[in-house]
Structures are given as structure tokens and as C-alpha cells.
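The values are calculated or read from the model by the stated rules, or taken from the named source; none is laboratory data. Small disclaimer: the values here were computed from a predicted structure and weren't measured. Neighbour counts run over all protein chains shown; Cβ positions are idealised from the backbone, glycine included. Just so you know, the surface numbers come from the protein's heavy atoms only, side chains and all, with ligands and any DNA or RNA stripped out. Shrake-Rupley method; radii C 1.70, N 1.55, O 1.52, S 1.80 Å.
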Amino acid sequence: MLALLFLGGLAGFSSTVASSSSTNSSSPQTSRSNVGLAMTGRWNQGPVFASAVSGNYMYFGSSGTVRVVEVDKDSSGNAVAWQEVASIGTDGVVRDMLIEGGYLYLADGSGWMRVINIEQPDKPKLSGQVELNSEIKAIHYNNGHIYIAAGWAGLHIIDVSDPEAPSLVNSYKSGGYALDVVVVHETAFIAAGQDHGLQIVDLSDLTSPQLIASHEITGSASGVDSDGEHAYVVNMDDEKPGLHIFDVSERENPVRIAIQPLIYGAERVRLEGNMVYVAGVANDAGLIVVDVSNPNSPVKLGSWWDSTCSESVTIDNEIAYLAHGDQGLEILDVRDPNEPEVIKHFSAAGRVRGVDTQGHIAYVANGYRGLKVVDVSNNSSPVDLSELKTYRALDVDVAGPFAHVADDWAGYKLIDVSNPSQPKLVSELDTPGYAEDIFVLRNMVYIADGEGGLRILDLSEPSAPREVASVSVDGGYAYEVVVIGDFAYLAAGKAGLLVINVSNPSRPIVYSKYHIKNNKFEVRGVTVQGPYAFVAAGYTGLTILDASSPAQLRLVGRFETKRRANNVSVVGDKAYVVDSDNIRVLDVSKPHAPREIDDHPMPASAAKVHSNLKGVYVAGMESGLLIFEP
């Protein structure tokens, strides 16, 4: 059996959720009596996706926590100072939130709509919840009901006339993949994802919603807002990204009247008076302000740009609260819409993508936050030591005094961690693909470089790493690499598992390849123990191969996972498999017949798993670093 610990602890963390009564259903963590894994802690400072403001208090979601901030305002109502005063944990990642009355309504990524009583803001407490068993992307309130955009499940309608006893009224399967929703005058406007554009739904009878009209938008329609006369939709697209403005005065016949072009697109859009505020992504990352006083002729005003994508934006008295993903929460003064200015920042952690350990220190590849160094000598109370920002850290391998980082688009970073409290960048080298994973053996560095295949670097001179060879993955994608002796094992996606002789690293030779003709077979992770290669093979699950003869791999056993197997780590007779948003523990003492002995649902999709004799460390993406103790 494993005991589960979450990394860290935020000052003011409250266990209110765990102790509060549930109005409609038991908590997801306590309803799984068959699992046998105990959650005893949580790291609260993950990515920020949503915020809400009411009176003198601001709330924002930080991974699996709602953080409460008291806002000091001057005599004109302008915010001038902020102080964090409380927090409350949730089971899943906070995806969206809003405030109505004395209650905070929360879209919990674990599949629940939760209601938090904030009548005493510094003492938030869970008062009700509804289990929806679906994805939750966005949340909206109108006339005593909560409306939830729920991905492929469409639209959920919840009666919250009694906030402490919420109940599901209906679920409506809208077209496409519902990413955002706003309701005005008994009409729902839904941003319906890839190639489904704007969906308009009649809600005059909540027991029988009816599609009124739809309007195609290229790419993925991701955010929507409306005043009833016009609908404002943002999309993400390589060809025609923008703010799309529709005349919806005739619900049955929406007419697109204008487009404000963007470079790539945006996640969310919010209308406030005559201004539209856009939370941009990629080349539009940050905040964009558009004047729509004449909806037929929008005028782009100012913008605040940052390299990290934004997730959503909330406006209160000419203050913009920008949920800034990995970076945290940015608070911007937009009184001059031509020059938005950051006046306050609340930090958060990135999406944890990879982890390695050396002694009592954990080195975390923390997305756009870079390399995070954490003391885990006491698993139940880890201590942050330091951080070094990189472009987007996806994996880390520590060898001696150096941390080697696979830094996505930016390639390779070499960081001196001889003093873990003061990491220093030593050198870097760009790679042609996207550096996904890294493995170091002596003075050679092996990088799984996405479409760039396997890249092999010579680190004889740490200040000047140089590439000495590469191996292509035609039709594949290099996700992970591990090197044992003279052989590198490359998880190459749809190209299968490649075994490469690297006895002479400057002249690598592909010895063998394991691939089956199955659309579900996609090698995303690999580890080797003894004569066996354990392969995380996508939707076909875990594949175990006899690799005693690297030139001739032979199938030994399989275990079909419920979802996509992304990564695997093995210690002794146990294999730990990242199965999308679950960690599965398998007994592999008999490789021909692997047997599941335990599992645990994650608050969000996990990326990788690293294990040793002391514990199992899961890179939990938006839910942080999770530590299992055997």
C-alpha cells in the first residue's frame, strides 16, 4: 500500500474541504473505499486559471487551492494594496470560479461543482457540491442557476436557489466541445471548441434546452461573452485567430459583423462596459484591450505582453485580474486602456513535468517556472530551496554537481546545483525539435527531442556542450530516452521503441525497433530493469519486452490500462504507470502476467513518474509534485 503526500504547504492552508459536510454527495477522495491510498498533504501553489472579486476581497485558484486576498481600497474605490488572508483546498485543480451573494461557485477539475461559503472571507468553508462526472471548463451564473461548460458533455445546469443544497437540473449535449458559456435572457452562448464555433441555445425550458442557431468559426472557439445584443468570441487558429463579434439580436440568425485580428488567439474574453478584455495565448500572450463602443468597428487599444499564456481575466473597477497560468496572478491597472500596467503579482508554481532526486533533494522541471529545487528530507513537510527560471522545463536529470534540463523549444540547459540553494546556469544548446526528456551517462547527454529525434551531446567541456550525433524518428516523436550500458532505448511515439547502440556515441546504430500495427500503440515512456524493457504504450497500456538480446526484442506480457499510458517507472517487483490521471501500481514479479495491486486518481493529468527505494515521485502537471511512500 502507498501513502500519498503532496509537496509543500502554503501559509494559511485550511483543511476545511476535508472536514465540511457534503450536501449532495460524498467527497471524491472518501468515496473510493477500494483504493487504499491516503492523501495526507497538498502543495497549493500551482498554476492559476481563474479569479473572482467581491467587495474588498479577491479570490483566485492556484492548482488545488482557493487563495483569499483582502483588497485595501482608497476613498474612490481603487485597489491600492493586497494581503493574502486565507486559503481552502479542493480535490481537483480549480478551473473557473464566480461569486454570487455570499457564495463562491467553483469549477473543480476533478469533476465537481463546489459551493464555498465566503460570508466570512477569512474563514471560507465548503457548504455544498454536485458531482458531475465530466470535465469542467467554465462556469456561469444566471437567475438562480449555475451553467457549466463541460467539454464533450456539453452544458450542465445546476439549481443553486438554495446554495447549500445545489442540485443538477439537466445536462444538454451541445455541439462540439464546450469550453465557455454565458447566459443572457434565457439564452446560452457557448464557445464550442474545434470547428464548432458559436452555439446558441434556448433555455426558456431548462428541462428541454433547444439549439437555436450556430455559427462556424475556424480553429477552436475558446471563450465567449455577451450583453444580449452582441456576442464576443475568441478563437485559437493558425489562419484566422481573432476576436469575433456577432450581432445576436435575432437569435435564429447570428451575423458576424467584425473581426479584430490576433496573431494566434486567446483563451477567454470578458466584456466590461464598452471594453473587451482578452486573455491571450502564444504570440498574443498577456492581456489585450479592445474598444467595442462601436461593435461594427472594434479598435485595439493597449496590451500587456508576456511570454507565458494567460487563462482568464476578471475586471473590477478598472482593475484587471489576469490568471497567468504558470506565472501566477497578475493585477493590472487598466484605467488607461492604452497602457495596462502591472501593479501587483502573486506567484504560483508551473505545471510539473519531470522530476529527479539526489539524496534528500528533489529537482523539479516546473514548466515555465523553470527548475525548482526542493528539500524532501521530510516527505510530509518539503521545503522550497530555490528556483531558476528557464523557457519551459519539461524534464531534469541530475548527475554530480549538475542538473541537466530538457527545456522544450529552447533545447538543453546545464545548471550548476553544487549549492542547491543557488543554482546557476552554466551553458545551453538549442536543439532542432522540442526537448522532451533527458538522460545523462558520464559526459554524454541524450535528449528525446520530439520531431528532432534523439540528439547526443558531448559534455567534456561543460561550458561548451556540442552535438556529436542524432537519430531520426521518421513518422514518430521522441518522448523519452533511457541509456543502459551500450544501448539507448528511445520512446518514439508511433514509430515505436527504438534500441540504439551508442557504444560509440558519435556513431549511433539502430539495432532494433519494436512496433505493432495498432492505431492505439504509441510509445510514450520506457524504462529498463534487468533483461526487461517496460514500455508505456499509449492506449494499449503497459507492454513488457524481453530485451536481453537488444537486436531482437520479444513480447513477454501486457497490461491494458483504462486510459493512455504515458510513463512508467520500476523498482523491484513493482511498476508504477502514469495512466492519464491515475497512477497504477502493478506487480511485475511475473513479467508475463503483470497484475494491478493498487491505483490512485490524480487531481489532474500526470506527466512522468520517478521512483527509487525511498519513494515514488509523480510529476503531476497542474497538481504539482506528488510523493508516494511505499
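Some observations on this one:
- Strands (runs of 3 or more DSSP E) within the stretch 468-536 that include 1 or more residues in contact with a Pro (Cβ under 6 Å, 6 or more places away or on another chain): 487-491, 497-501, 509-514
- In the stretch 377-431, residue nearest to VAL364 (Cα to Cα) [restricted to those that are at pLDDT 95 or above, among the charged types (D, E, K, R) and part of a loop (DSSP other than H, G, I, E, B)]: ASP407
- Of all residues in the stretch 540-568 being farther than 16 Å from LYS590 by Cα and in a strand (DSSP E or B), the one that is most open to solvent (accessible area, probe 1.4 Å): ASN566
- Meets criteria (hydrophobic (A, V, I, L, M, F, W, C) and closer than 27 Å to SER307 by Cβ) for VAL269: yes
- VAL160 vs. criteria under 23 Å from the mean Cα position of the chain (by Cα), surrounded by 20 or more Cβ atoms within 10 Å (Cβ to Cβ) and not charged (D, E, K, R): no
- Restricting the stretch 77-101 to residues that are more than 29 Å from GLU135 (Cα to Cα) and β-branched (Val, Ile, Thr), the residue that is surrounded by the fewest Cβ atoms within 10 Å (Cβ to Cβ) is VAL80.
- Among all residues of the stretch 528-539, there is none that is closer than 29 Å to LEU425 by Cα and open to solvent by less than 10 Å² (accessible area, probe 1.4 Å).
- Positions within the stretch 242-284 being surrounded by 23 or more Cβ atoms within 10 Å (Cβ to Cβ), among the hydrophobic types (A, V, I, L, M, F, W, C) and in contact with an Asp or Glu (Cβ under 9 Å, 6 or more places away or on another chain), in sequence order: VAL248, LEU262, ALA266, VAL269, VAL276, VAL278, ALA279, VAL281
- Among residues of the stretch 106-126, those that are part of a strand (DSSP E or B) and open to solvent by less than 10 Å² (accessible area, probe 1.4 Å), counted: 8
- Each residue in the stretch 451-484 was checked for being open to solvent by 60 Å² or more (accessible area, probe 1.4 Å), farther than 21 Å from ARG524 by Cβ, touching a strand residue (DSSP E or B) at 6+ places or on another chain (Cβ under 7 Å) and not charged (D, E, K, R), and 1 pass.
- Among (1) of a type in the set (A, V, I, L, M, F, W, C); (2) buried (at least 21 other Cβ atoms within 10 Å of the Cβ); (3) in a strand (DSSP E or B) - the single one ILE136 does not satisfy: (3)
- Within the stretch 210-254, the residues that satisfy the criterion of being of a type in the set (Gly, Ala, Ser) and either in a strand (DSSP E or B) or in contact (Cβ under 8 Å) with a residue 40 or more places away in the chain (or both) are ALA213, SER214, GLY219, SER220, ALA221, SER222, GLY223, SER226, GLY228, ALA231, GLY242.
- Among (1) out of contact with any Gly (no Cβ under 6 Å at 6 or more places or on another chain); (2) closer than 29 Å to LEU625 by Cβ - the single one ASN133 does not satisfy: (1)
- PRO505 fulfils the conditions (1) within 25 Å of VAL364 (Cβ to Cβ); (2) in contact (Cβ under 8 Å) with a residue 60 or more places away in the chain except for a single criterion, (1).
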